[in-house]
Each structure stands twice: as structure tokens, then as C-alpha cells.
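Have a look at the structure below, then the notes.
Taken together, the values in this text are just the output of simple stated rules run on the coordinates, not laboratory data. What you are looking at is a predicted structure, and each value in this text was computed from that prediction instead of being measured. No Cβ is skipped: glycine too gets one built from the backbone with ideal geometry, and neighbour counts run over all protein chains shown.
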Amino acid sequence: MPNEPTQIIRKIIHIDMDAFYASVEQRDFPEYRGKALVVGGSPQGRGVVATASYEARKFGVRSAMSSKRALQLCPDVIFVRPRFAAYGEVSQKIREIFSRYTDLIEPLSLDEAYLDVTHDKLNIGSAIEIAQQIKQAIKDELQLTASAGVSINKFVAKIASDINKPDGLKFIGPSSIEDFMEQLPVEKFFGVGKVTAQRMKQMGLHTGADLKRLTEEELLRHFGKTGRFYYQIVRGVDNREVQPHRETKSLGAEDTFVYDLTTLEEMNTELDKIALTVYNRLLKYDLKGRTLTLKIKYSDFKQITRNQSFPEAFSDLETISQTAKQIMAVTYTEEAKVRLLGISLSNFGDVAPKSKQEKEAGPGDQLTLEF
């Protein structure tokens, strides 16, 4: 095809630790081993599951689930508070193992990263062999297990790492990628959340093969610029580079909900979950910001952002969560129907911004609130 993108052949590994927080707790505290364990908040409050051990996952307990729901599913589950400093130390040791093989490392979180080993430091040549050595080093030196996906691009490597968990290794070579992508459920595609997956299925699009039947123009029309990515990746093309030194101007997370949120309690529960994700990402990059921005998209697709700036940089979970909920409370109206919420931190520089006075704002305007 004349417009077919040129594929760059790389050797990419995606490493994903297995139930990372819970595994560290089980390693450090023998009384937790073999037990259903949740790292997260208390079920007596509005706690959220950060990570569940595999013993808890057998009962349906999952990350981002409310702790109360986790207790309902698994009455014997043990809850422990996160020890992020400990996880950060382990993450640094994992990074040191990665760096023995390549300097092209792109962390996605404390427990996962992409590695480009097209030209590895030890001249091993085989990405599969490197992945095996990394997994073994993590097991021998840290008493933890990791799963690895190996392929020629980031997208396929990331999906491959999830196939044989825990302690898995999956290689998907160039000749297998298109068949693999055609069989992949649409909810596994990059950028496809619950809402988009539901929409796709309503259109009769259930797998990569279904997406492949649409032209690039049709995908763009239905899904915007992400449609171009779908068109390429279902054909095995993903030319994104592993980026070890990406400049971070803002960092955040957001979630689109299957059902519109109508009460402040529902919104605060979701903000707690999103705040935890943001906190983990700040910890990963060792960042503190002075400006927190809350993004709200309503059922009519009207979107607003509201922000608050502080004189001192912060990254603690309590400030992130409470600030987002304070802004939400000021913005909330009883008739509001919210389909998306997002929290981000920015202003990572050395100069603190001057606060602005609260003002009226339309869709997409910025507003700094003072409390």
C-alpha cells in the first residue's frame, strides 16, 4: 500500500513486576506469604486497592477497586498501608539491573519499564536472552518475580508481558504480530478504556481484525487522531521510541466512567483513586509540583479545568486528594452529571507562581482557587 508506514525494526523488552507492592510486603513480612493481601486504604473508610496479591486476585480483587468491595469479595483478606519509600528503593535496584544491559530505559511506573536492547551493552544480541537474564537477576538479588514481553515495538511488547503472568516471558516476533493483533480484543488496545470499548462493540468492532476492516479515514472519523494509531498498530506498526529523558512539564491521570457520576460522594471516591495514581507517578519521577489542576468533563461533553497553586512544591497523597476534592466541592452542582475526572500536577520549576483571584471561567478556561 502506498501510504503504509515504514516499520523500524527494534528489539524492545517490556518488564512488569508481578503484584509489585504486595510482593514486596510478602517478601519483607513472612506472615503475609501465601495470604490474600491488599496494599491500600482501610475498608472502614474510602480506601482503594493499590495492589492485590495473587492470592487475593483469585477472589476477583483488583487494583483501583474500593477496599470495602475487596473485603466483600474476600472476607479473609489482609489490608496493609503502602510503604512507598520501600517500593521506591526496590524500584531503584531494579533500574540498576536494567542499566547493566542498556541506557535506553523508559520507566512507566515504579514497577514497569520499556528497554530498547537493539544494541545492548554486553553484546548479547538476543532480546529474549537479555529478558531471561533480567528476570533471573531480579529473582536472585531481590527475591521478586517479573514478567517480560519481547517484540519489535513498545505496544506489542507491553501486551506480551501480560500474557504469561506471573513470572512469565513471551516473545512475539515480526512474522506473528499481524495475526496476534487481529485476534486481540479491542479493550486491550492503547487508549481504549471501558467507554470506548463499549462504543466499539456497539459498532460491531470486537477484535483487531474488525478494526482492520475499516479504512484509516473511517477510523479517524470515528475515533479522532487515535484512529490513526489503531490503523497502524493493527498492522503491527508502532514506531514510538523508548524515551529515557522525556521532559516532564505536567503529570497526571484521568478516568472516564461507564456511568455518569451525579453525587459528590461518588466523585470524591473516584478522585481518591485518581489521586493515588498521580501520587505513584510523582514518586516514580521524584517530582513535586506547585499547581494542581482538576479536569471535569460533563455528560454534554462540556469540559472545564480548575487549578490551585501553592507557594511550596508538594507530592504527598493527602494534599493531592484533599485539594482535588476541595476544588470539586466548589465546582459541584446538584444537576451535574460527570463522565470524566482528571488530576494533574505541574509547575515543577523553582519559581513559585503568584496566585490569581478566582474568576468566572468558561469551558476549557483555567481558574486558580484560593482556600
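Give the label of the value calculated from the structure for Kirkwood radius over Cα pairs in Å, choosing from [x] 20.6; [y] 22.4; [z] 21.5.
[y]
If packing is taken as the average count of other Cβ atoms within 10 Å, what order do 132-143, 228-239 fall into, highest mean first?
228-239, 132-143
Given the -39500 (n - 2.57) contribution per DSSP H run of 4+ residues, what per-residue ellipticity at 222 nm results for the chain, rounded to the nearest 500 deg cm²/dmol?
That comes out to -10500 deg cm²/dmol.
Assuming R0 = 51 Å, what is the FRET efficiency of S99 and E216, from their Cβ-Cβ distance, to the nearest 0.05?
With R0 = 51 Å, the Cβ-Cβ based efficiency is 0.85.
Is region 66-155 rounded, prolate or oblate when judged by the Cα gyration tensor, a ≥ b ≥ c being the square roots of its eigenvalues, rounded requiring a/c under 1.5 and prolate requiring a/b larger than b/c?
Cα axes put region 66-155 in the prolate bin.
Report, ordered by chain and residue number, the lysines lying within cross-link reach of K139, taken as a straight Cα distance under 25 Å and ignoring same-chain residues fewer than 8 apart.
Qualifying lysines at Cα under 25 Å: K11, K35, K58, K93, K121, K154, K158, K165, K170, K284.
Among the aspartates and glutamates, which have Cα under 12 Å from the Cα of K212 when same-chain residues fewer than 8 positions away are ignored?
By straight Cα distance, K212 reaches E178, D179, E182.
Give the dimensionless ratio obtained when the Cα radius of gyration of region 177-233 is divided by 2.2 N^0.38 Å.
The reported ratio for this selection is 0.98.
Distance between Cα centroids, region 210-252 to region 254-274: provide it in whole Å.
27
List M200, M17 from most exposed to least, where exposure is judged by having the fewest other Cβ atoms within 10 Å.
So the residues, fewest neighbours to most, are M200, M17.
Please state, to two decimals, what the Cα-based radius of gyration of region 138-210 comes to when divided by 2.2 N^0.38 Å (N = residues).
With N residues counted in region 138-210, Rg over 2.2 N^0.38 Å equals 1.31.
Compute the distance from the alpha-carbon center of region 96-139 to that of region 140-209, in whole Å.
First find each Cα centre; the distance between them is then 19 Å.
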